[in-house]
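Here the structure comes first, spelled out in structure tokens, and everything after it is commentary.
The values are calculated or read from the model by the stated rules, or taken from the named source; none is laboratory data. Just so we're clear, the structure is a prediction, and the values are computed from it rather than from any experiment. Positions of Cβ are generated from backbone atoms using ideal geometry, with glycine treated the same way; all protein chains shown enter the neighbour counts.
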Amino acid sequence: MNKLKNYSTKILPCTDTPINKLLSSFTVPSTSSTPAYDLKCSDKSSFEPLQQDEIDFHYKIPPTLMESTIKEITKNAQPEQAVTLTAKVTSGPNVEQKIMKDGTQLPLIKYILSDSTGCIEANSWGTQCDILKTGTSYKFQYIITKSFNNIFYLQVTKRSTIVEVSDIGEVQSSEAHENKTTIGRVLTIHSTLTHHCSSCKKKVTDICKNLVRCPSCKMKQNKSALIANMHTILQLKDKETKFNVEQTALIQFFTNINEKLDILEDSEEIEDFFLELDKDIELEHTQSNQVLSLKLC
């Protein structure tokens, strides 16, 4: 018998009973095992609550993760750990267009989740889940903990389940988790330029010749066809924090000051430019020190 599993993060309305009939779903070939099928939900999918005496076959209730509070997650969880929590969306959605390592662009949707014990940032990529509504409470299952600069945040994945629930009442303010601004001179900086195959998007390291063969997909291409991506880490004077700057923010910064974008093709030039600045720069960044924008003061 083929195993069926649900990998959709479509948000379905909650019901009052733990046993439900899933309506208007369909099977697709499994993304993780063969031969098997996955269940996929669509906009027409819904749950129909059932009573236990209406089930005419043997079944087992699947194991569930113990529910945690936000305070417990930030104090006790380990990175890459699956957790379950019920929280209210108190900020967002905030959408950032991110350039991935392979040069492709993907929207990153950010929220602040709050309960009575604290607040935490939660992210989802592209269309991984429906847009969550500010002020609405949800139960999140199999959402993954991540850590950057020793600050925890949560990541929605294809295995996550998000269900709208009744309002959980008063929660902590999310003001401390909103974007911050830091001003100062660049003290240290490290920029890394990587190149990726225009066909399979995998990293290509040997780019000495004008014609380059991708070691992953074996496709040959002109060096100019490779997708370049610049990633920068910088530290400001009198600040212990290191800030993470993606290419999207650098492009916007250099465009605003009328600097030629050719500078993005040379990591040494990027580093020299910021170290030789005789002005402070202002960074708008998240609580995890991901820079959203830069400007000269």
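Remarks
- Condition check for residue 295: closer than 16 Å to residue 190 by Cβ and either among the β-branched types (Val, Ile, Thr) or surrounded by 13 or more Cβ atoms within 10 Å (Cβ to Cβ) (or both): no
- Residue check for residue 147: part of a strand (DSSP E or B), at pLDDT below 90 and small (Gly, Ala, Ser): yes
- Of the residues 25, 8, the single one that is out of contact with any Phe, Trp or Tyr (no Cβ under 9 Å at 6 or more places or on another chain), modelled with pLDDT of 80 or more and not assigned by TED's automatic domain parsing to the domain that holds residue 118 is 25.
- Looking only at residues in the range 185-213 that are over 28 Å from the mean Cα position of the chain (by Cα) and not basic (Lys, Arg), the one that is nearest to residue 264 (Cα to Cα) is 207.
- Total residues in the range 47-73, condition under 21 Å from residue 173 (Cα atoms) and either at pLDDT below 85 or charged (D, E, K, R) (or both): 2
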